[in-house]
Amino acid sequence: MTAISSAKTYSVADYLRIERETGEKYAFYNGIIEKMAGGTISHNRISRNVLALLFRALPKQAHLEVFGSDQKIYLPKFHYYVYADVLVVAGEPLQTEDEADAIINPILIVEALSPSTAQYDRNQKFLEYQSLPSFKEYVLLRQDQPEALLFFREEPDMWRSSEVAGLEKELRFRSIEVSLKMSAVYDKVFLNK
């Protein structure tokens, strides 16, 4: 078993080897490796629902492709490798030239907020994603209630935010011109509420 040290700086080759050897997902922050936290059942249901709904909606738009939480994203400006819950690419996925098999051109990124990562996802990770020229839309989905926070890039440095709350509403992804029912996004999430 490979032990990860917070005091050590790792190369990309070390990072990729550790992921291969352990079979686990890690984020890479310019030499620092952090193990990805496991998701709750609600988190996994939300991510699965969005992935499945977008997969069914996108065949009508052949230039768009949806990927799940195992797909790495590379942020060249920061030399970071990170994971999102769901992402969509317009056109051919552009990949890094190393063995990471990481995408550098997502147009839409969706994150199901977890208590341990919500602050990072809402703030720093959003700022980091903005370094990708292709990135147009960011959607944050709460686990504890049917609520989405959407950010859409209208100009290179101008983002418009909106909110959707309630199972009876629709979640509209402007970047890919697809709408999903919030009741479908949160299917099986609020069984006991």
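Pull up the cross-link candidates among the lysines for Lys8, meaning alpha carbon to alpha carbon under 30 Å and not fewer than 8 places away within one chain.
Lys25, Lys35, Lys72, Lys77, Lys125
Report, in deg cm²/dmol and to the nearest 500, the calculated mean residue ellipticity at 222 nm for the chain, where each DSSP H run with n ≥ 4 adds -39500 (n - 2.57) and the sum is divided by the residue count.
Working: 5 runs with 43 residues, N = 193.
The per-residue figure over the chain is -6000 deg cm²/dmol.
Whose amide H sits under 5 Å from the amide H of Asp85, counting only residues 5 or more places off or on another chain, with H placed in the peptide plane?
The answer is Val110, Ala112.
DSSP beta bridges in region 1-139, what fraction antiparallel, as a percent rounded to 5? Each step should come with its number before you reach the end.
Working: 19 of 23 bridges.
About 85 percent, rounded to the nearest 5.
May I ask for the Kirkwood hydrodynamic radius of region 42-126, worked out over all distinct Cα pairs and given in angstroms to one decimal?
For region 42-126, the Kirkwood estimate is 13.6 Å.
Give the residue list of GluC sites (Glu not before Pro) in region 161-193 that are DSSP loop and have at most 10 other beta-carbon atoms within 10 angstrom. Write down the numbers at each step before the final one.
On the way: sites: Glu163, Glu168, Glu170, Glu177; in loops: Glu168, Glu177.
For GluC sites (Glu not before Pro) across region 161-193 that sit outside H, G, I, E and B with at most 10 neighbouring Cβ atoms in 10 Å, the list reads Glu168.
Rounded to two decimals, what is Rg over Rh for the chain when you use alpha-carbon atoms and the Kirkwood radius?
Reported Rg/Rh (Cα atoms, Kirkwood Rh): 0.96.
Once you put a point 7 Å from the Cα of Trp159 and another 7 Å from the Cα of Gln124, both along the Cβ direction, what distance in nm separates them?
Modelled inter-label distance: 1.5 nm.
I'd like the orientation of helix 41-57 relative to the chain: the angle between its Cα long axis and the longest Cα principal axis, in ° from 0 to 90, rounded to 10.
Taking Cα atoms only, the helix is inclined about 70 degrees.
Which cross-chain or sequence-distant (5 or more) residues have an amide H under 5 Å from the amide H of Leu64, H modelled 1.01 Å from N in plane?
Distant-sequence amide H within range of Leu64: Gly91.
Could you give me the ³J(HN,Hα) list for region 94-111, computed from phi with Karplus coefficients 6.51, -1.76, 1.60 and θ = phi - 60°, whole Hz, x at Gly and Pro?
8, 10, 5, 8, 8, 7, 5, 6, 9, 8, 10, 10, x, 9, 10, 10, 10, 10
Using θ = phi - 60° and the Karplus curve 6.51 cos²θ - 1.76 cosθ + 1.60, what whole-Hz ³J(HN,Hα) does each residue of region 154-165 get, with Gly and Pro shown as x?
The phi angles translate into 8, 9, x, 10, 10, 10, 9, 10, 8, 10, 10, 9 Hz.
In region 66-133, which trypsin sites (Lys or Arg not before Pro) are in a loop and have at most 12 other Cβ atoms within 10 Å, using DSSP for the loop call?
Values: sites: Lys72, Lys77, Arg122, Lys125; in loops: Lys77.
Taking region 66-133 and a limit of 12 other Cβ atoms within 10 Å, the loop trypsin sites (Lys or Arg not before Pro) found are Lys77.
We did not get these values from a lab; they are worked out from the coordinates using the rules stated. From a predicted model like this one, the values you see are computed outputs, not experimental measurements. Every residue, glycine as well, gets a Cβ built from its backbone with ideal geometry; the counts of neighbours run over all protein chains shown.
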